[in-house]
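Step one of this worksheet: look at the structure below.
Please treat every number below as a calculation from the coordinates, not as lab data. Owing to the predicted nature of the structure, the values given are computational and were not obtained by experimental measurement. With ideal geometry, Cβ positions are generated from the backbone for all residues, glycine too; neighbour counts draw on all protein chains shown.
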Amino acid sequence: MKELAREEDQLLPFPIYRKLRESTPVRFDEDRESWDVFRYEDVHRILKDPATFSSRRGLEVRGETLLTMDQPKHTHMRNLVNKAFTPKAINDLAPRITSITHDLLDQVLSKGQMDIVHDLATPLPVIVIAELLGVPSKDRKLFKDWSDTLVKGVEGNSQEAFAKMVAERDVAVRELSEYFRAILAERRSKPEDDLVSALLEAEIDGEKLEEDEILQFCILLLVAGNETTTNLITNAIRLMTEQPAIQEQVRTHPELVKTTVEETLRYYPPIVAIGRVATEDVEIGGQQIQKGQQVVSWVGSANRDPDKFEDPDTFLPDRKPNAHMGFGFGIHFCLGAPLARLEGQIALEILLSKLGDMQFTKSKLSPIPSPFVFGVKSYPITFTAR
Ligand code: HEM
């Protein structure tokens, strides 16, 4: 989006969202040939109506996944994976998430400084998802490299750079598929207590997932779950170094960690925009959208809409209710939300209890170069050991 061309605006896009929400709440951007929608009410209406606003975006380089399916296929697939991705399966991970977080922090504690992104927020979700999927620890490095390649954006604006990214992703998807195929074969003959075994067993009305569907799903978890969780943890710490009073308030009142994570998802959401395609002519906010046109719902703007949230530009660690759309809304509501919340809560609680007086080490911040993502590439801090 041309309004967000400057890096400093990508580092803090919310004033621009506000201007657009107030001046052109629903507008067509000729450059991107896409509609942009900024108000809470309109975004909510779009995400609530998957028949009119399809997720089959056509840009997908990785084949069809849950994220890009429509009903009824989506419902069927989602019910099947829900059988494996249960709240209990997620809650059982809490002790492991806690111990991984302690291990990662113990490596930097005596130094008095760390990079939140590299030392904690990136490795934590990768290790957790690898364990959840049953990837042996000896393969962790391989796994992380594939996962990085899958979420890496385009470097530069050229056609060649885009082609290079697509080619690299294709290789990573092929290698990951080969790798998971071997794991699937092992679990088929000898089931274990992991997600892959549960996916193999999941069955509805006598129907099971096909091998290729399980492979696609495992890859989707990496793409959808890792960078987003990294940015949730980093964005929470960024906020707490920008507003030290909040850091101290939550440190002395750890019972606020839960609502603080929710408020981070509202105020600094890792995903700020969600794409759909209109399946018929439809009117939104007085504008006529035509069948086949792209529609981008700016969740990062909707989450700051004063018609929905009182004092929207103030971060309230105890905000309640908090109907943010940081995990989307409707049938595609984030499947990994319970896991992301758990990781965010555990990471934040342990960070605040082990590290005192976290401060941003003034250095140039680089935004993640995607208009759909809100996050930074690294976030160095200093702290005192507690
Ligand atoms: C869907 C955000 C973490 C797996 C979504 C959507 C959003 C989102 C906004 C909806 C997309 C749409 O409507 O088109 C986030 C954020 C996360 C996070 C902000 C971290 C803070 C995770 C994790 C996993 C995950 C940890 C898995 C391990 C998925 C999947 C979908 C999804 C599979 C597709 C669901 C469907 O289409 O039915 N996520 N996500 N996410 N997310 Fe997450």
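Data table
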| item | result |
| --- | --- |
| Leading residue at positive end of dipole, segment 126-240 (Cβ point charges), from MET165, VAL151, ILE237 | ILE237 |
| Nonlocal amide H pairs with SER34, under 5 Å, H built at 1.01 Å | ASP29 |
| Gyration tensor verdict on segment 194-330 (Cα atoms; rounded if a/c is under 1.5, prolate if a/b is larger than b/c, oblate otherwise) | oblate |
| If the convex hull is drawn through the Cα atoms of segment 141-264, its volume per residue in Å³ | 184 |
| Alpha-carbon Debye profile of segment 264-386, log10 I(q)/I(0) at 0.18 Å⁻¹ | -1.21 |
| In order through segment 116-131: 3J(HN,Hα) via Karplus (6.51 cos²θ - 1.76 cosθ + 1.60), integer Hz, x for Gly, Pro | 3, 5, 7, 8, 9, 5, 7, x, 4, x, 5, 5, 4, 5, 4, 5 |
| Additional length obtainable on full extension of the chain from ASP205 to GLU255, 0.36 nm per residue less Cα span | 13.7 nm |
| Per DSSP, loop GluC sites (Glu not before Pro) in segment 288-386 with at most 12 further Cβ within 10 Å | GLU310 |
| Dipole magnitude of segment 276-386 about its Cα centre (Cβ charges: Lys, Arg +1; Asp, Glu -1), debye to nearest 20 | 560 |
| Efficiency of FRET between ASP318 and SER110 - r from beta-carbon atoms, R0 45 angstrom, step 0.05 | 0.85 |
| C-alpha center-to-center spacing [segment 221-299, segment 80-146] in angstrom | 21 |
| Estimated distance in nm for a label pair at ASP170 and GLU64, the labels positioned 7 Å out from Cα along Cα-to-Cβ | 2.1 |
| Gyration tensor (alpha-carbon) shape descriptor, segment 1-114, a/c threshold 1.5 | oblate |
| For the chain, alpha-carbon Rg and Dmax in angstrom | 20.8, 60 |
| Global geometry of segment 46-176, whether rounded, prolate or oblate, following the gyration tensor of its Cα atoms and the 1.5 cut on a/c | oblate |
| Inter-label distance for SER137 and THR361, nm, one decimal - labels placed 7 Å from Cα along Cα-to-Cβ | 2.8 |
| Subset of LYS258/LYS354; LYS111/LYS152; LYS73/LYS208; LYS73/LYS291; LYS48/LYS308; LYS88/LYS258 violating a 24 Å alpha-carbon distance limit | LYS111/LYS152 |
| Cleavage-rule hits, trypsin sites (Lys or Arg not before Pro), segment 210-293, DSSP coil, Cβ neighbours within 10 Å at most 13 | LYS291 |
| Max mean-square fluctuation residue, GNM over the chain, Cα-Cα springs under 10 Å, options VAL272, VAL261, VAL173 | VAL173 |
| Additional length obtainable on full extension of the chain from ARG27 to LYS152, 0.36 nm per residue less Cα span | 42.1 nm |
| Simple label model, 7 Å out from Cα along Cβ direction - ALA163 to ALA94, nm | 5.3 |
| Fluctuation leader among LEU124, LEU365, LEU222 - the chain, Gaussian network, Cα springs under 10 angstrom | LEU365 |
| Other-chain or far-sequence residues with amide H under 5 Å of ILE368's (modelled H) | GLY375, VAL376, LYS377 |
| Note, ³J(HN,Hα) from phi for segment 271-287, Karplus 6.51, -1.76, 1.60, rounded to Hz, x at Gly and Pro | 10, 9, 8, 10, x, 9, 10, 6, 8, 7, 5, 8, 9, 9, x, x, 9 |
| Estimated 222 nm signal from helices in the chain, with DSSP H stretches of n ≥ 4 weighted -39500 (n - 2.57), rounded to 500 | -15500 deg cm²/dmol |
| Within a Gaussian network of the chain (alpha carbon springs, distance under 10 Å), most fluctuating of ALA245, ALA198, ALA94 | ALA245 |
